[in-house]
Amino acid sequence: GQNIDQPTEMTATEGAIVQINCTYQTSGFNGLFWYQQHAGEAPTFLSYNVLDGLEEKGRFSSFLSRSKGYSYLLLKELQMKDSASYLCALTRFNTDKLIFGTGTRLQVFP
Amino acid sequence: GAGVSQTPSNKVTEKGKYVELRCDPISGHTALYWYRQSLGQGPEFLIYFQGTGAADDSGLPNDRFFAVRPEGSVSTLKIQRTERGDSAVYLCASSSRAGGTDTQYFGPGTRLTVL
């Protein structure tokens, strides 16, 4: 199997930095995705890691360590609109389906 | 350009009825995916099309669920003899090609409620 674990909920303050972790157990995968999902809306693509290391995209960065079975999403300069669920997902070798974690619900307070 | 669209946005039906959910992928995207999302959970894979053919239907929960994509564009997810446990948001996504590394873009979903 490929259990994907994320914290259920997190809170943070506007302007702060927050790190959302994702750990997984799988024998191999193509890449690891992060999606943002506001309540009642579709998931929106944020980032994708295939190699180990940090991928930076403006206020959002994502990190992957295959040897440690670990990824994180880093959100800087938090804004109220960043309140959403953040979904970690991966695609295994020879498949195209996304396998999602349960998501982390982030609440940003003023 | 236009994103993935899904109709209807909401569907309420009675137990035992038949429903069809439609997905229009991004123009030119050859890969199309259906997922199901229950409250508080991540999306769960149902079926994936590459062109007109179902390349992987391993996520369909049982034979009441069926999906088609006859012309390689629009897809319809069909659920027979609906049960209350089928209530969920059904999400469709598309990507430019299959290969496990292409970004999937999601539609707004159809919220299905089975009474």
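The values are calculated or read from the model by the stated rules, or taken from the named source; none is laboratory data. As the structure is a computational prediction, the values presented were derived from the model and not from experiment. Heads up, the Cβs are rebuilt from the backbone with ideal geometry, glycines too, and the neighbour counts pull from every protein chain shown.
Looking only at residues in the stretch A:3-27 that are over 23 Å from A:Val108 (Cβ atoms) and surrounded by 13 or more Cβ atoms within 10 Å (Cβ to Cβ), the one that is modelled with the highest pLDDT is A:Thr23. Taking (1) over 17 Å from the mean Cα position of the chain (by Cα); (2) more than 9 Å from chain A (Cβ to nearest Cβ) in turn, B:Ser87 satisfies each apart from (1). Counting the residues of the stretch B:38-84 that are touching a Leu at 6+ places or on another chain (Cβ under 7 Å), within 13 Å of chain A (Cβ to nearest Cβ) and aliphatic (A, V, I, L, M) gives 3.
For the stretch B:10-22, the count of residues that are hydroxyl-bearing (Ser, Thr, Tyr), under 14 Å from the mean Cα position of the chain (by Cα) and at pLDDT 95 or above is zero.
If the condition is being of a type outside the set (Phe, Trp, Tyr) and surrounded by fewer than 19 Cβ atoms within 10 Å (Cβ to Cβ), then the stretch A:34-45 contributes A:His38, A:Ala39, A:Gly40, A:Glu41, A:Thr44. Scanning the stretch A:19-63 for residues being under 19 Å from B:Phe45 (Cβ atoms), in a strand (DSSP E or B) and β-branched (Val, Ile, Thr) gives a total of 1. Taking the criterion of being free of Cβ contacts under 8 Å to residues at least 60 places away in the same chain and of a type in the set (D, E, K, R), the residues of the stretch A:61-84 that qualify are A:Arg66, A:Lys68, A:Lys76, A:Lys81, A:Asp82.
Residues of the stretch A:1-35 that are farther than 21 Å from A:Val50 by Cβ and within 12 Å of chain B (Cβ to nearest Cβ): A:Thr8, A:Glu9. Cβ separations smaller than 7 Å between residues 6+ apart or across chains give the following pairs from the stretch B:44-55 residues that are of a type in the set (Ser, Thr, Tyr) to residues that are buried (at least 22 other Cβ atoms within 10 Å of the Cβ) and assigned to a strand (DSSP E or B): B:Tyr48/B:Tyr33. When residues in the stretch B:1-37 are screened for being among the hydroxyl-bearing types (Ser, Thr, Tyr) and surrounded by 13 or more Cβ atoms within 10 Å (Cβ to Cβ), 6 of them pass.
Within the stretch A:21-44, which residues are within 20 Å of B:Leu39 (Cβ to Cβ), among the hydrophobic types (A, V, I, L, M, F, W, C) and touching a Ser or Thr at 6+ places or on another chain (Cβ under 9 Å)?
A:Ala39, the sole residue that qualifies.
Criterion first (closer than 18 Å to B:Phe106 by Cα and buried (at least 21 other Cβ atoms within 10 Å of the Cβ)) does B:Ile79 satisfy it? In short, no. Counting only strands (runs of 3 or more DSSP E) that sit wholly inside the stretch A:64-110, those with at least 3 residues that are within 14 Å of chain B (Cβ to nearest Cβ), touching a Leu at 6+ places or on another chain (Cβ under 7 Å) and surrounded by 15 or more Cβ atoms within 10 Å (Cβ to Cβ) are A:84-91.
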